[in-house]
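To keep things clear, I will list the structure first and then write my remarks on it.
The values are calculated or read from the model by the stated rules, or taken from the named source; none is laboratory data. These numbers were taken from a predicted model, which means no experiment stands behind them. Positions of Cβ are generated from backbone atoms using ideal geometry, with glycine treated the same way; all protein chains shown enter the neighbour counts. Calculation scope for accessible area: heavy atoms of the full protein, side chains included, ligands and nucleic acids excluded. Shrake-Rupley method; radii C 1.70, N 1.55, O 1.52, S 1.80 Å.
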Amino acid sequence: MLRAMIGLWMMLFPVTLWAATPSEVIDKLQEAEDYLTVDPATTLVLLDQLDNVQQLPTSLFLRWHFIRMRAAVPTHQLAQMEYSLEAVFSHHNHPYFIEKLPTALSALGIWLRRHNYLSDARQSLECAYKYAQSEQQKLVLTNSLALVSRQLGDYAKARRLYGRAMSIADKAGITSKNGIINNNLGIIALELGEVAEAEVQFRKALASYQEIDKRSGQISAGVNLLFAFIIQEQLLNYQRLYGPTSRLTASFPNETKQAMLLWVNARFMQLEGHPVSQQSKNSLKLAYTQLQDDNVRRLVFQHLAKPLGVEVNLPKPVIVRPFERSWYQVVKACNW
């Protein structure tokens, strides 16, 4: 009888991790946060080890989602990012949310940009800049605003914004962000057909990322530099860099970088004299859909698809469309 009563009590009042040991939850969140810079994939694994997240106190619930959003950006986990954005903006008046306001708006701006809500992305990022709490946040937000300008085809404004970002970084001594700036300047150079300049910028970016041991950055800059080598048919340079870059890319859960590397290496193998099989062409067609954005697809279409004999569609021009969510009205108002 006593055993049955205990069983009934446990069903009615289940013991969750945070209720029993709140310090364990906080420790796990701190551990996940510590991995954000060096290995955000591990951050996501650690977060998934916590059960009953919905039942956490609101501040811990929000902290879990903020960490998850930050890890989702370099790993390109956009579905997870969207879920966490919905979760945090449903508490947009909570003190913890307001404390982390620039982070929330920055993440939202990134998600909007990657889904081609470009005007709304700019609005969210400009609101974030209004509430920026440090020079580092201003630097990150300026970089994101430059990316929006790049996707809108306003390369002159994008380069001006990167110049401002570099100035902020130099004055504040934030050399850890140089890799991001150089990598994005390299992408602009590629899109403008300035391949030699792109190579210079990607080399600078890779060196900066290696100096701070940022794995996601090393992959981005490494794959981009490999692309620049292939366009210029610098096969020896390609061979030297491919090994370490491919190992990092294979161990990192970012299908966009893996897809790009697949395309670049297919072209290398072709230049080495290996014919492109139909199976490889099918794999490349799938990888084309997994590339990061339409700007990257245009570069692949221009430099790789035709010589490889892979039939893919050139992306259509970006149609700027409005983002519609009930909670987005508070972002438009930008008044916290």
Of all the helices (runs of 4 or more DSSP H) wholly in the stretch 258-336, which have at least 2 residues that are of a type in the set (Val, Ile, Thr)? 294-300, 328-333
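Results for (1) acidic (Asp, Glu); (2) at pLDDT 90 or above; (3) under 20 Å from the mean Cα position of the chain (by Cα), shown as yes or no for each residue.
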| site | (1), (2), (3) |
| --- | --- |
| Leu125 | no, yes, yes |
| Ala128 | no, yes, yes |
| Glu135 | yes, yes, no |
| Val140 | no, yes, yes |
| Val148 | no, yes, yes |
| Ala156 | no, yes, no |
| Gly163 | no, yes, no |
| Ser176 | no, no, yes |
Which condition breaks for Leu185 when tested against (1) open to solvent by less than 30 Å² (accessible area, probe 1.4 Å); (2) at pLDDT 95 or above? (1)
Enumeration of residues in the stretch 34-57 that are open to solvent by 50 Å² or more (accessible area, probe 1.4 Å) and part of a helix (DSSP H, G or I): Asp34, Val45, Asp48, Gln54, Gln55
Using the structure shown, decide if Glu272 is over 28 Å from Val320 (Cα atoms) and of a type in the set (Asp, Glu). yes
Count - residues of the stretch 159-180 that are β-branched (Val, Ile, Thr) and exposed (fewer than 14 other Cβ atoms within 10 Å of the Cβ): 1
Residue among Glu311, Glu255 that is in contact (Cβ under 8 Å) with a residue 60 or more places away in the chain and acidic (Asp, Glu): Glu255
Among all residue pairs at least 6 apart or on different chains, which show Cβ distances below 9 Å where the first residue, located in the stretch 173-194, is closer than 14 Å to Leu225 by Cβ and the second is acidic (Asp, Glu) and part of a helix (DSSP H, G or I)? Gly179/Glu211; Leu185/Glu197; Gly186/Glu197; Gly186/Glu199; Ala189/Glu197; Ala189/Glu199; Leu190/Glu197
Of the residues Ala156, Ala121, Ala104, which is small (Gly, Ala, Ser), surrounded by fewer than 16 Cβ atoms within 10 Å (Cβ to Cβ) and assigned to a helix (DSSP H, G or I)? Ala156
Scan of the stretch 287-310 for residues that are of a type in the set (Phe, Trp, Tyr) and open to solvent by 50 Å² or more (accessible area, probe 1.4 Å), ordered by number: Phe301
Filter the stretch 77-101 down to the residues that are open to solvent by 10 Å² or more (accessible area, probe 1.4 Å) and within 14 Å of the chain's Cα centre (by Cα), then identify the one that is modelled with the highest pLDDT. Glu82
